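What follows is a short report on a single structure.
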Amino acid sequence: SCGKCENCLRMMPNYCTKFGPHDIIGFQRDGAWAEFCVVSEDQIYKLDPCSHIRYGTLCPTLSTNLRAWNMVMPAPPDTRFLILGAGIHGKIMLGMLHYQGYKHVIIIDHCEMDRASVRKYTACALDYKIQSPSKLEGMISCRGRRRGVDVVFACTPNVHLIELAMKCQKPMGKLVIFGQMPCSKNISLPGDIFFDKEPRIIGAFLNPFTFHLAVEWAKHLGRKYLEFYPLGIKLFHLKDYKKAVRAAKDGSITMANILPCNETSFVMGHEITGVVKKVGKNVCHVEPGDKVAVNPYQACGHCEYCTKGAPHFCENEGMNTAIGFYKDGGWAEFCLLPSKHLFKLPDSVSLKHGVLVQPLSCAVHAVDLIQPTSINTRILITGVGLGAILAAKLLYYQGYTKVLIADFDYDRLQLAKANFCGYKILRPGELMSVDKVDIIIECTGNQQIIDTGLSLLRQGGKMLIYGMGRASQEI
């Protein structure tokens, strides 16, 4: 690397614009398939005297594997790994996991010859499962959150294997792709997988809860940022409940998606504020007369995901018992709730603004997921719905200036002009003409926009899928 370009200064020398992937020995420059080789001194590393010279030839492969490994850390000892491909990268990764004491590892390859070669590879093969792709299909058909895998290392260009592996991942699982595949190959994923599992998809290249926080954010953002009309929110009085439902059905107000919910009759409404009327004898943190916001989700605190710090994937509660989806919600005059769902609002936050605490908590979580990132990061937000507006205002509040907003809907863009804090608004047709960005916050769930956005990412970029896709939709 040159040490001077933008990527080098951002501590990303593997994406050096002068050298890096454009000046690799054996690819763009003369390599070592010769008796002698003239190379730069700074590219030479002395081997330990105890290391055989042939082991040194594996250093480039091991370097890539270590890059992939660093990108999935931290990984506790009970992490479940799946390695796709029994080639050199797959085998070396298998050895790395075994050396570090990991017990739950499966390696998959479609070729019996390659599977047989793994069995001969090292003693670690005796401790791990070496299976054919048909076993993956079996894992999908009987999958449960406990049976899935946490990390997938894709060391193969086999798209079908990667697609199957994504379906057997646990929530918050990580997929690391460092098997090279042709540009003509496309990986298709169910559109709802990003909402359902929050997967991390990572490309490895060769290389030298948040509700209580949202209450506090609402206090800071207040009226300046959270007025309903500029946010595009239409306010209905409770007596107009049926009118609101009709409006949702006829399309005069929009619904982003149909979430899974209770199939029996129940009261909807998961974004709730109100005034406490009565409390039980053991309730201490709120009292009659307090303004409160309601967190519709709760967690058991003792399942696998709760103990891992991911209570939103709670196996016993979480989305499975959400207020307004599976339990009676807030579209009523009174609402009986467990006290643990209630958060007292600051005096400076009105009930009207408090309704935004729940969607704001989602936006806070989204912005947290893209961290760490520097203040001069180029960010593109696609979509101008409520989630996008709140995410943009959070970024503005934190001082980000290089933010672009894009949508394909002209009416929504007019709304955007009143909401996006001076950020540049891109009209339809302008998206492909912008310079590449470091981060995309995708808030539409639109397949076309997602596909377009991927082409606008810089090397090492991140795309956060915040807009919900449908299960039938492929990306």
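Mind ordering 436-449, 3-16 by average Cβ neighbours within 10 Å, highest first?
Final packing ranking: 436-449, 3-16.
Add +1 for every Lys or Arg and -1 for every Asp or Glu among the other residues with Cβ under 11 Å from the Cβ of VAL267, and state the total.
Charge balance in the 11 Å sphere: -1.
Taking a probe of 1.4 angstrom, what is the accessible area of LYS167 in Å², to the nearest 10?
Using a 1.4 Å probe on the heavy atoms, I get roughly 80 Å².
Note down the accessible area of ASP192, probe 1.4 Å, to the nearest 10 Å².
About 50 Å², rounded to the nearest 10.
Per residue of segment 401-409, in order, report the coupling 6.51 cos²θ - 1.76 cosθ + 1.60 (Karplus, θ = phi - 60°) as ³J(HN,Hα) in whole Hz, putting x for Gly and Pro.
Using θ = phi - 60°, the values come out as 10, 8, 10, 10, 10, 9, 7, 8, 9 Hz.
Filter the cross-link list LYS174/LYS308; LYS242/LYS344; LYS103/LYS135; LYS243/LYS393 down to pairs whose alpha-carbon distance in this structure exceeds 23 Å.
LYS242/LYS344; LYS243/LYS393
For segment 155-161, just list the computed ³J(HN,Hα) in residue order, Karplus coefficients 6.51, -1.76 and 1.60, θ = phi - 60°, integers in Hz, with x standing in for Gly and Pro.
Whole-Hz 3J(HN,Hα) from phi for segment 155-161: 9, 8, x, 6, 5, 4, 4.
Under the rule a/c < 1.5 gives rounded, and otherwise a/b versus b/c splits prolate from oblate, where does segment 283-400 land using the Cα gyration tensor?
oblate
Please say if segment 281-331 is rounded, prolate or oblate, where rounded means a/c under 1.5 for a ≥ b ≥ c the square roots of the C-alpha gyration tensor eigenvalues, and otherwise the choice is prolate for a/b larger than b/c and oblate otherwise?
Verdict is oblate for segment 281-331.
ILE441's amide H: which non-local residues (gap 5+, or another chain) put their own amide H closer than 5 Å, with H modeled 1.01 Å from N in plane and none for Pro or chain starts?
LEU380, ILE381, THR382, LEU464
Run the 1.4 Å probe and let me know the accessible area of SER184, rounded to the nearest 10 Å².
Surface accessible to solvent at SER184 totals approximately 100 Å².
Quick check on segment 322-465: what are the equivalent-ellipsoid semi-axes from the Cα gyration tensor, as sqrt(5λ), descending, whole Å?
Result for segment 322-465: semi-axes of 31, 16, 15 Å.
What net charge is computed for the residues neighbouring ALA75, neighbours being all others with C-beta under 11 Å from the C-beta of ALA75, Lys and Arg scored +1, Asp and Glu -1?
Once all neighbours under 11 Å are counted, the net charge is 0.
Ordered by packing density, taken as the mean number of other Cβ atoms within 10 Å over each peptide's residues, highest first, how do 288-300, 59-71, 348-360, 385-397 rank?
The densest-packed peptide leads the list: 385-397, 348-360, 288-300, 59-71.
Quick one: Karplus J couplings for segment 58-75, per residue in order, coefficients 6.51, -1.76, 1.60, θ = phi - 60°, nearest Hz, x for Gly and Pro?
My calculation for segment 58-75 gives 8, 4, x, 5, 5, 4, 5, 4, 5, 4, 4, 5, 4, 6, 9, 5, x, 9 Hz in order.
Which of rounded, prolate or oblate describes segment 357-437 when judged by the alpha-carbon gyration tensor and an a/c cut-off of 1.5?
Taking the square roots of the gyration eigenvalues as a ≥ b ≥ c, segment 357-437 is oblate.
The values are calculated or read from the model by the stated rules, or taken from the named source; none is laboratory data. All of these numbers come straight from a predicted model, not from anything done at the bench. Every residue, glycine among them, receives a Cβ derived from its backbone with ideal geometry; neighbour counts consider all protein chains shown. Quick note on the areas: whole protein, heavy atoms, side chains included, nothing else; ligands and nucleic acids left out. Shrake-Rupley method; radii C 1.70, N 1.55, O 1.52, S 1.80 Å.
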